[in-house]
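The values are calculated or read from the model by the stated rules, or taken from the named source; none is laboratory data. Since we're looking at a predicted model, the values are computed, not measured. Positions of Cβ are backbone-derived with ideal geometry, glycine not excepted, and every protein chain shown enters the neighbour counts. In case anyone asks, the SASA skips ligands and DNA or RNA and just uses the protein heavy atoms, side chains included. Shrake-Rupley method; radii C 1.70, N 1.55, O 1.52, S 1.80 Å.
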Amino acid sequence: MQFWIIQTLNSIAFGGLLFLLSSGFSLAFGLMRIPNLAHGGFFMLGAYLGATIVYYGGHFWIAVLGAGLGVGLVGIAFERLILRRLAGNVQGQVLVTLGVSFIIADLCLLIWTGDPWTVPAPAELRPPLRVAGFAFPTFRLVVLAIALVTAVALYLLMDRTRLGAMIRAGVDDMEMARGVGIPVSLLFTVVFALGAVLAGLGGTLGAPMLNAYPGLDTDMLPLALIVVILGGAGSLLGAFVGSFVVGFLYNFGIALFPDLAYFILFLPMVLVLVFRPQGLFGRVQT
Amino acid sequence: MATEALSVSAIDTYYGDSHVLHGVGFALRPGRLLGLLGRNGAGKTTCMATIMGFLRPRRGAITLFGDEVAGLAPEAIAKRGICLVPQGRRVFRSLSVRENLDVARQARAQGTWTLERVFSLFPRLKERHIQLAGSLSGGEQQMLAIGRALMGNPRVLLMDEPSEGLAPQIVHEVGRTIAQLKAEGLSIVLVEQNIKLTLDLADDVVIVNTGAVVFSGTAAETRTNDRVIAQHLGVF
Ligand SMILES: Nc1ncnc2c1ncn2[C@@H]1O[C@H](COP(=O)(O)OP(=O)(O)O)[C@@H](O)[C@H]1O
Ligand SMILES: [Mg+2]
């Protein structure tokens, strides 16, 4: 019983983390029509930045904010200085995001070495929460709560503001959005930066569970891709549902059928690609 | 000496290597309606796309009340006051009716179009303002596409086949709306396959064929010129 409850909770918490990783990734994918293959690198960079801040005595929550800010700046610079120059050249843009992901990986190896950096959860969240005789990992519940608050905030931004409507208009019909005067280049920067900030935050938030290590980027990027393919590029609801589906498949797959974990993870993605290529909630063909 | 609202001079537009517009030129005077006619594939939509900045002309000039706009980005051209009702309507399907209008809002000193005015022009849109645009009927989507263009407070309004695929009664309604906009002094380019509708509304007519202007004159001259109509529009 305790196994199932804990695995379920871990799956949900991991799903929350995946939402932080993939929501911005999905919005940028839907709007700019390219997968940012450096997004896993953004997540890893966030984890290392957070680990460093904690190492030098910063509080965990300061580290989370610092990582979000730092990776956000990297994202803005990348979009403004590099991606923008390749506007209209989709293939070039995708290749450049791949190149940047390698550069980030190498720089991280150079700066933070090959040894993993552990980040302890904040002291006040380490004791488990005891409810009805069960012990719940408090920190994971907090990660989940942060993911849910982020989901609500993103929903309000996308659904209730003019900025959000402009972003959705760009996802629907980019050319026509420009034709009615929507400043899409500004939207690109906003959405790309938002994705980078969330990936950075997520990297540090996930570090007490995952650590920061070389290869964290390539471990996370496929998960974000699966989430987006399942949910549909540019769909916030899709990213939300997809994140929790992948969270469950990943956790239970590893716990119950470790040899088949990747099969279990990728099979739904293949099925969706074959039978509903726009994703469960999406409109854009990825 | 810019008396023209919109002037297109000798533009050449390509899709990649495919040369589609060959020195197309025409002028729209302020407050007038210019009908742009031609068979399917003649280059009318390409012409609208070039004016709107979706395509960049390789040669030629496009001026809006004397200011050069060729080569600007579409969003900059929209900001200066060229607004498009595109062929196929192209409403933002996953936005509500109200959001479609809202995202296209463009403040301009001499502009008077607001959400309220668009809603009073199209009461149907007001009734359905929270509905997703993708769920509207064809006629309603056309009204929305027109309303969206008006929200940009156009100095020149481009309309690309607004009657396409609509029931006769709705076509009639769209025609009335266009007449009303013209009566308010708006300068309009109307692209149509519906010759009667165009001749009823237009002051001037330009006919294109295989990417070049083959006739231009007043609507009255066009109406009485059976040879031109038969040769280039292939009807009657
Ligand atoms: N995206 C495109 N790529 C290549 N050729 C195109 C494209 N769109 C239109 N064309 C070609 O350009 C010509 C003019 O098309 P268009 O401007 O759509 O004509 P019209 O609006 O008068 O029916 C046609 O021969 C058409 O096949
Ligand atoms: Mg056309």
Condition check for residue B:29: loosely packed, with under 15 Cβ neighbours inside 10 Å, away from ligand 2 (no atom under 16 Å from the Cβ) and charged (D, E, K, R) | no
Residue list for the range A:154-180, restricted to those being over 19 Å from residue A:233 (Cα atoms) and either of a type in the set (S, T, N, Q) or more than 8 Å from chain B (Cβ to nearest Cβ) (or both) | A:160, A:161
Sort out which residues of the range B:40-76 are closer than 20 Å to residue B:206 by Cβ, not small (Gly, Ala, Ser) and not in a loop (DSSP other than H, G, I, E, B), and write them in order of number.
-> B:44, B:45, B:46, B:47, B:48, B:50, B:51, B:52, B:59, B:62, B:63, B:64
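Being surrounded by fewer than 16 Cβ atoms within 10 Å (Cβ to Cβ) and more than 14 Å from ligand 1 (Cβ to nearest atom): is that true of residue B:138 here? It would help to see each step written out before you state the result.
Numbers: surrounded by fewer than 16 Cβ atoms within 10 Å (Cβ to Cβ): yes; more than 14 Å from ligand 1 (Cβ to nearest atom): yes.
Spelling it out, residue B:138 is indeed surrounded by fewer than 16 Cβ atoms within 10 Å (Cβ to Cβ) and more than 14 Å from ligand 1 (Cβ to nearest atom).
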The residue from A:190, A:171 that alone is surrounded by fewer than 23 Cβ atoms within 10 Å (Cβ to Cβ) and of a type outside the set (Gly, Ala, Ser) is A:190
Cβ pairs under 7 Å, 6+ apart or interchain, first in the range B:164-185 and charged (D, E, K, R), second open to solvent by less than 40 Å² (accessible area, probe 1.4 Å), ordered by first then second residue, are B:182/B:33; B:182/B:188; B:182/B:201
Does residue A:195 satisfy being out of contact with any strand residue (DSSP E or B) (no Cβ under 9 Å at 6 or more places or on another chain), modelled with pLDDT under 95 and more than 10 Å from residue A:46 (Cβ to Cβ)?
-> no
Counting just the residues of the range B:206-227 that are closer than 16 Å to residue B:29 by Cα and away from ligand 2 (no atom under 16 Å from the Cβ), which one comes out surrounded by the fewest Cβ atoms within 10 Å (Cβ to Cβ)?
-> B:218
Filtering the range A:177-205 for residues that are more than 11 Å from the chain's Cα centre (by Cα) and farther than 21 Å from residue A:93 by Cβ leaves a count of 5
Only unsatisfied item for residue B:24, checking (1) more than 14 Å from ligand 1 (Cβ to nearest atom); (2) not in a loop (DSSP other than H, G, I, E, B); (3) not polar (S, T, N, Q), is (1)
For residues that are small (Gly, Ala, Ser) and at the interface with chain A (Cβ under 9 Å from one of its Cβ atoms), scanning just the range B:69-81, find the one that is surrounded by the most Cβ atoms within 10 Å (Cβ to Cβ).
-> B:78
For the range B:172-205, what are the residues that are open to solvent by less than 10 Å² (accessible area, probe 1.4 Å) and farther than 27 Å from residue B:111 by Cβ?
-> B:205
The range B:143-155 residues that are facing another protein chain (nearest Cβ under 10 Å) and over 14 Å from residue B:93 (Cα atoms), paired with ones that are part of a helix (DSSP H, G or I) and open to solvent by 10 Å² or more (accessible area, probe 1.4 Å) (beta carbon under 9 Å, 6 or more apart) = B:151/B:102; B:151/B:115; B:152/B:79
Is there a residue in the range B:8-21 that is open to solvent by less than 40 Å² (accessible area, probe 1.4 Å), within 16 Å of ligand 1 (Cβ to nearest atom) and among the charged types (D, E, K, R)?
-> yes
Test each condition in (1) open to solvent by 30 Å² or more (accessible area, probe 1.4 Å); (2) in contact with a strand residue (DSSP E or B) (Cβ under 9 Å, 6 or more places away or on another chain); (3) not aromatic (Phe, Trp, Tyr) for residue A:181 and report the one that comes out false.
-> (1)
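Which one of these is at pLDDT below 95 and in a helix (DSSP H, G or I): A:52, A:8? Before you say what the answer is, go through the steps one by one.
Working: A:52 fails: at pLDDT below 95.
Exactly one of A:52, A:8 is at pLDDT below 95 and in a helix (DSSP H, G or I), namely A:8.
Please enumerate the residues belonging to the range B:40-61 that are more than 14 Å from chain A (Cβ to nearest Cβ), more than 16 Å from ligand 2 (Cβ to nearest atom) and either among the small types (Gly, Ala, Ser) or buried (at least 24 other Cβ atoms within 10 Å of the Cβ) (or both). Reasoning before the result, please.
In the first step, residues of the range B:40-61 are kept if they are more than 14 Å from chain A (Cβ to nearest Cβ); the result is B:40-44, B:47, B:57-61.
Still in the running and more than 16 Å from ligand 2 (Cβ to nearest atom): B:57-61.
B:60, B:61 - these are the residues of the range B:40-61 that are more than 14 Å from chain A (Cβ to nearest Cβ), more than 16 Å from ligand 2 (Cβ to nearest atom) and either among the small types (Gly, Ala, Ser) or buried (at least 24 other Cβ atoms within 10 Å of the Cβ) (or both).
When the range A:117-128 is examined, which residues are found to be open to solvent by less than 80 Å² (accessible area, probe 1.4 Å) and either modelled with pLDDT of 95 or more or outside any helix (DSSP H, G or I) (or both)?
Step one: of the range A:117-128, the residues open to solvent by less than 80 Å² (accessible area, probe 1.4 Å) are A:117, A:119-123, A:125, A:127-128.
Selection gives A:117, A:119, A:120, A:121, A:122, A:127, A:128.
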Six or more apart or on different chains, Cβ under 6 Å: which pairs go from a residue in the range A:32-49 that's among the aromatic types (Phe, Trp, Tyr) to one that's open to solvent by 10 Å² or more (accessible area, probe 1.4 Å)? Could you list them?
-> A:48/A:112
Could you check how many residues of the range A:54-72 are free of Cβ contacts under 8 Å to residues at least 12 places away in the same chain and either surrounded by 13 or more Cβ atoms within 10 Å (Cβ to Cβ) or within 16 Å of residue A:195 (Cα to Cα) (or both)?
-> 2
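Could you tell me which residue of the range A:33-49 is surrounded by the most Cβ atoms within 10 Å (Cβ to Cβ), considering only residues that are hydrophobic (A, V, I, L, M, F, W, C) and not in a helix (DSSP H, G or I)? Walk me through it before giving the result.
Initial filter on the range A:33-49 (hydrophobic (A, V, I, L, M, F, W, C)): A:34, A:37-38, A:42-45, A:47, A:49.
Within this subset, residues satisfying the condition of being not in a helix (DSSP H, G or I) are A:34, A:37-38.
Values: A:34: 21, A:37: 22, A:38: 28.
Among them, the one singled out is A:38.
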Report yes if some residue within the range A:215-238 is of a type outside the set (Gly, Ala, Ser), within 14 Å of chain B (Cβ to nearest Cβ) and open to solvent by less than 40 Å² (accessible area, probe 1.4 Å); otherwise report no.
-> yes
Check off (1) over 21 Å from residue A:176 (Cα atoms); (2) away from ligand 1 (no atom under 16 Å from the Cβ); (3) open to solvent by less than 40 Å² (accessible area, probe 1.4 Å); (4) over 15 Å from the mean Cα position of the chain (by Cα) for residue B:3 and give me the number that stays unchecked.
-> (3)
Being over 15 Å from residue B:86 (Cβ atoms) and modelled with pLDDT of 95 or more, is that true of even one residue in the range B:147-163?
-> yes
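From the list B:95, B:37, B:84, exactly one residue is within 10 Å of another protein chain (Cβ to nearest Cβ) and within 16 Å of ligand 2 (Cβ to nearest atom). Which is it? Write out each step before concluding.
On the way: B:95 fails: within 16 Å of ligand 2 (Cβ to nearest atom); B:37 fails: within 10 Å of another protein chain (Cβ to nearest Cβ).
Selected residue: B:84, the only one of B:95, B:37, B:84 that is within 10 Å of another protein chain (Cβ to nearest Cβ) and within 16 Å of ligand 2 (Cβ to nearest atom).
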